[in-house]
Amino acid sequence: MKTTAIKKVSFYFILFSFVFLTSCTFNTKENDNQNKTATKTLKYGSQYSGKRGDKEMQKFRANRFGQFIHWGLYSIPAGEWKGKIYSGAAEWLPKMTNISRSEWDSLIYKFNPVKFNAKEWAAMAKKMGVKYVTITTKHHEGFCLWKSDYTDFDIETAPYKGDLIKEFVDAYTAEGLDVYFYYSILDWHHPDWRYDIKSKNDSIAFERYYQFAKNQLLELQRKFPEVKGFWFDGTWDQSWKKNGRYSYEIEMALKKANPGVIVNSRLRADDLGSRHFDSNGELMGDYQSGYERFLPEKKDTSVVKMDWEACMTIPVNQWGYHKDWTLSHVKSPNEIIEMLVKTVSLGGNFLLNFGPKSDGTFRDEEKVIAHEIGNWMDKNGYVIYNGDYAGLKNQDWGYYIKNTFNNSVYGVIVNKPIANQMRVELPKNKKLEGAVLEGKQLPIHFHDRLGYFVVLPEENFISPVVIKLEIADKKSKHNPEHI
Ligand code: H79
């Protein structure tokens, strides 16, 4: 009797388990069909998969080379406080010293860049060969370079009488350069900023801060309709990570006002506090902006499937103006050009930083670098604009870049082999028909096992050299190397 009861219970238990498990399996399959990789349901995660295909994003991608500008009150002390020079980043000076908030904020009364000439800045940028610029409208210190309706801690309170951001936007736009705005979410000035949310009062204050930031961003978009996108920073604190909704709503609000607007991944956190990439591994925002002062490895082709941008300082770590550049290595124009080439070869954008002085002029070192990069870009910029990943096997001499506009492939030599030969390995169905340097064909040798060797001129190269590679399809029946 007892055994029969157990058997009956077991029967129903197995039946129930079967039905339950089967329905779970079906559910999982349904989800899989909707989204093959999604495992977590997120309200504030990634908005789309893959790269954006609209014309605004195509323009961002084709631009490839941009100028970053860090300008704020920090350009006044320029890394020095009470006679002591601090070697850290100039814009972080208040965090390296015991400067009080009010002491720092009173620098606003000294911000008077009387020599600022937006047209000269834009002409210098144009000559350098950049296609876009990203300027700090508000850095961590909270000072706003535009006339903001939401704070007095802005350019209207400073002695400078011009409309700084407006002059800037007008001048760069007139030169045909796209303008992007940097905006720091982190704000050392605003009383409602919180690093973490530990109480109801923190939540209430931080909600107010969020409204303030959103208002300012929509104000920037309203006052400067030319602006192509926003570059967010200062989003690493717990307060922001715990409020993924805020980052999502800011992205949505900006896109509602301007559907083509471009937003960097650094803005974003998801429901679970994941940054840049959501908890399902999907990129948030429109491009990956995590490469700050470093680039992906040459072999790291994982980046080519997304849009991305690296930002780079000229010294090791100075964004705002620092009076002493002897404190760290300063990159040479060739080092910077190589970084630009490497970035483009991996399908990314390169944003090179400048930190103007408080009088509104650029330091001489930056002028020289801009000029020398400009000379290189004058001659070779065609390889940068519309440049992309070429999909060929890496070689030690440098980087391949494919031009997405005319489908040409280029090799950019940054390490000239002592043997003066540039090795090119192609897939089996391709052949190298020509290698052109400044309009002249170079000799090509073929080695059945090792591929092609382009014979380079004997003379030293003083900057990266571009060689156009004429690659054609090989018809297999005429393939002499076919074994
Ligand atoms: O604007 C430039 C820099 O001022 C800014 N981003 C560039 C574009 C920048 N701010 N901080 N950092 C770069 C690196 C910051 C690191 C730290 Fe932290 C923030 C150290 C401590 C707080 C986050 C939290 C990283 C480590 C702990």
Quick one: in the stretch 293-322, which of the residues that are open to solvent by 10 Å² or more (accessible area, probe 1.4 Å) and touching a Lys or Arg at 6+ places or on another chain (Cβ under 9 Å) is nearest to the ligand (Cβ to nearest atom)?
N317
If you check G50, G72, G66, which single one turns out to be open to solvent by 10 Å² or more (accessible area, probe 1.4 Å) and either closer than 27 Å to L327 by Cβ or not aromatic (F, W, Y) (or both)?
G50
For the stretch 251-262, enumerate the residues that are hydrophobic (A, V, I, L, M, F, W, C) and surrounded by fewer than 22 Cβ atoms within 10 Å (Cβ to Cβ).
M252, A253, A257, V261
Residue pairs qualifying under the 6 Å Cβ cut-off, at least six apart or on distinct chains, with the first in the stretch 115-140 being within 16 Å of the ligand (Cβ to nearest atom) and the second being of a type in the set (V, I, T), are V133/V179; I135/I69
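Residue-wise test of (1) over 18 Å from the mean Cα position of the chain (by Cα); (2) farther than 21 Å from L283 by Cβ; (3) of a type in the set (F, W, Y).
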residue: S184; (1), (2), (3): no, yes, no
residue: W188; (1), (2), (3): yes, yes, yes
residue: S199; (1), (2), (3): yes, yes, no
residue: S203; (1), (2), (3): yes, yes, no
residue: R208; (1), (2), (3): yes, yes, no
residue: F232; (1), (2), (3): no, no, yes
residue: W240; (1), (2), (3): yes, no, yes
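Given the structure, is V330 farther than 27 Å from T404 by Cα, among the hydrophobic types (A, V, I, L, M, F, W, C) and either surrounded by fewer than 19 Cβ atoms within 10 Å (Cβ to Cβ) or free of Cβ contacts under 8 Å to residues at least 40 places away in the same chain (or both)?
yes
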Of the residues that sit in the stretch 80-89 and are away from the ligand (no atom under 13 Å from the Cβ) and of a type outside the set (A, V, I, L, M), which one is most open to solvent (accessible area, probe 1.4 Å)?
K82
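Is it true that W92 is assigned by TED's automatic domain parsing to the domain that holds P356, within 16 Å of the ligand (Cβ to nearest atom) and open to solvent by 30 Å² or more (accessible area, probe 1.4 Å)?
yes
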Which residues, taken from the stretch 186-230, are more than 23 Å from W104 (Cβ to Cβ) and within 16 Å of the ligand (Cβ to nearest atom)?
G229, F230
Per the list (1) of a type in the set (D, E); (2) in contact (Cβ under 8 Å) with a residue 60 or more places away in the chain; (3) in a loop (DSSP other than H, G, I, E, B), residue check on E297 breaks on (2)
Selected residue [farther than 30 Å from Y160 by Cα and touching a residue at least 24 places away in the same chain (Cβ under 8 Å)] from K367, K342, K323
K342
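Of the residues D202, D237, D196, which is farther than 22 Å from D149 by Cα, touching a Ser or Thr at 6+ places or on another chain (Cβ under 6 Å) and modelled with pLDDT of 95 or more?
D196
Filter the stretch 298-336 down to residues that are over 30 Å from E251 (Cα atoms) and of a type outside the set (K, R), then give me how many there are.
Matching residues across the stretch 298-336 total 17.
The values are calculated or read from the model by the stated rules, or taken from the named source; none is laboratory data. Here the structure is a predicted model, which is why all the values come from computation and not from measurement. Reconstructed Cβ throughout: ideal geometry from the backbone, glycine too, with neighbour counts over all protein chains shown. Note: areas computed on protein heavy atoms with side chains; ligands, DNA, RNA excluded. Shrake-Rupley method; radii C 1.70, N 1.55, O 1.52, S 1.80 Å.
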